[in-house]
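What follows is calculated from the coordinates using simple rules that are stated; it is not laboratory data. Predicted, not measured: the structure shown is a model, and the values here were computed from it. Every residue, glycine among them, receives a Cβ derived from its backbone with ideal geometry; neighbour counts consider all protein chains shown.
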Amino acid sequence: MWKGVVTFLSFGKFMGGFFFHGWGGDGREEQLLEYVLENAERGNPQSVIQAVDEFARSGTWFMNVGEEKGRILDSSIAKKNPQLVLELGTYCGYSAVRMAANLKHPDSKLISLELTPHIADIARRIIDHAGLSSKVEVLLAPLSRQIDTIKSTLAKTNGQCFDFVFVDHDKDLYLPDYLLLKEKGLIDEGSVIFADNMGFPGSPKFWSYIQSHPQELETEVHKSAVEYISWIRDTVTVSTFHKL
Ligand code: MG
């Protein structure tokens with residue numbers, strides 16, 4: 001009970017910091033890195049995921065996709081078996097580790113975009129500790145400024161577009177970034193768009209687009225809970241893109 005209260009207070013503190021900085025801003029991300037380096041087995045993604053979850057459950061809240069929604073992400077990745085994955089919103093690299101650990105395609109690659117340089121550094125170190133640096137590339141700057149870099153990275157893997165996109169960044173950018181991916185040909189028939197936080201805090205414009213374009217985005221809705229706080233409900237959407 002007290003851990004739930006402490007976690008909720010930590011969630012509130014994070015939200016205050018996030019408003020000003022775009023991350024916690026109170027040293028929690030650095031503490032997480034230290035905890036992972038000390039407690040997770042090097043080269044073992046499951047051990048890294050477990051260490052992050054342990055740390056987040058111990059009273060310091062993190063905006064990772066978390067365990068419950070993470071399992072939905074795991075099964076969506078397993079079902080699609082993608083070669084090329086894009087993540088919008090790296091944060092500390094939890095979901096990047098989770099996805100990359102489940103990529104079974106021999107030439108698989110995950111490109112993850114993060115806005116904040118020192119948060120990207122923390123993510124890279126956590127991804128490296130999990131032994132997944134060769135599969136994951138963390139790029140800085142928003143999607144709109146990385147299109148050319150992304151296209152040349154994809155060309156090196158003989159790919160042209162992403163099979164799977166995990167959307168977990170600024171909620172106001174869900175729709176414009178989806179439309180940009182479509183316009184630039186970075187998604188194709190059958191690409192999967194997995195969107196976190198569609199229930200909390202929500203992305204009303206993307207939600208309304210999904211609802212008004214059921215043939216373009218064939219969508220499954222999964223009810224879940226906010227990471228590490230089971231009583232705040234959240235929803236993730238898993239959409240299959242169809243070229244019309
Ligand atoms: Mg999220």
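Measure nothing but the geometry: give the 0 to 90° angle between the long axis through the Cα atoms of 117-129 and the longest principal axis through the Cα atoms of the chain, rounded to 10°.
For helix 117-129, the angle is close to 90 degrees.
Which of Ile232, Ile77, Ile187 ends up with the largest GNM mean-square fluctuation for the chain, with Cα atoms connected below 10 Å?
Ile232
Alpha carbon centre of segment 27-83 versus segment 174-202: separation in Å?
Comparing the Cα centres of segment 27-83 and segment 174-202, I get a distance of 23 Å.
Between the DSSP loop rule and a limit of at most 16 other Cβ atoms within 10 Å, which trypsin sites (Lys or Arg not before Pro) in segment 144-186 are left?
Numbers: sites: Arg145, Lys151, Lys156, Lys171, Lys182, Lys184; in loops: Lys184.
Of the trypsin sites (Lys or Arg not before Pro), the ones in loops of segment 144-186 whose Cβ has at most 16 other Cβ atoms within 10 Å are Lys184.
Okay, helix-only estimate at 222 nm for the chain: each DSSP H run of n ≥ 4 adds -39500 (n - 2.57), divide by all residues, round to 500 deg cm²/dmol; what do you get? Don't skip to the end; give the middle numbers.
Numbers: 9 runs with 110 residues, N = 244.
Theoretical 222 nm ellipticity from helices: -14000 deg cm²/dmol.
Which value, to two decimals, describes the C-alpha radius of gyration of the chain once divided by 2.2 N^0.38 Å? All intermediate terms of the calculation are to be shown ahead of the outcome.
Numbers: Rg = 17.0 Å, N = 244, 2.2 N^0.38 = 17.8 Å.
Relative to the rule-of-thumb radius for its length, the chain sits at 0.96.
Let me understand segment 1-128 better: what is its radius of gyration from the alpha carbons, and its Dmax, in angstrom?
Looking at segment 1-128, its Cα Rg and Dmax stand at 14.6, 46 Å.
Using the per-residue mean of other Cβ atoms lying within 10 Å as a proxy for protection, in what order, highest first, do the peptides 217-226, 172-181 fall? Numbers along the way, then the final one.
Values: 217-226: 16.6, 172-181: 18.7.
By packing density, highest mean first, the sequence is 172-181, 217-226.
Loop-only check: which trypsin sites (Lys or Arg not before Pro) in segment 26-61 are DSSP coil with at most 16 other Cβ within 10 angstrom? Display every interim value, and only then the final one.
On the way: sites: Arg28, Arg42, Arg57; in loops: Arg42.
Within segment 26-61, the qualifying trypsin sites (Lys or Arg not before Pro) (loop, at most 16 other Cβ atoms within 10 Å) are Arg42.
Compute, for segment 64-241, the length of the dipole vector about the Cα centre, with Cβ point charges of +1 (Lys, Arg) and -1 (Asp, Glu) only. Units Debye, rounded to 20. Display every interim value, and only then the final one.
Details: 19 positive and 24 negative charges, 47 e Å.
Dipole about the Cα centre, nearest 20: 220 debye.
Which of Phe241, Leu173, Leu154 sits closest to the plus end of the dipole of segment 64-241, meaning its Cα is farthest towards the positive end, when Lys and Arg get +1 and Asp and Glu get -1 on the C-beta?
Of the candidates, Leu154 comes out farthest on the positive side.
Just want to confirm a number: the relative contact order over the chain, from Cα pairs under 8 angstrom separated by 6+ residues, in percent. Numbers along the way, then the final one.
Details: 443 pairs, mean separation 44.6, N = 244.
The normalised contact order for the chain reaches 18 percent.
Enter the angle in degrees (range 0 to 90, nearest 10) between the Cα long axis of helix 28-39 and the first principal axis of the Cα atoms of the chain, meaning the one along which they spread out most.
Approximately 80 degrees, to the nearest 10.
Any of Lys79/Lys151; Lys151/Lys182; Lys80/Lys109; Lys182/Lys223 with alpha carbons more than 22 Å apart? Name them for me. Don't skip to the end; give the middle numbers.
Working: Lys79/Lys151 25 Å; Lys151/Lys182 13 Å; Lys80/Lys109 14 Å; Lys182/Lys223 26 Å.
Checking Cα-Cα distances, Lys79/Lys151; Lys182/Lys223 exceed 22 Å.
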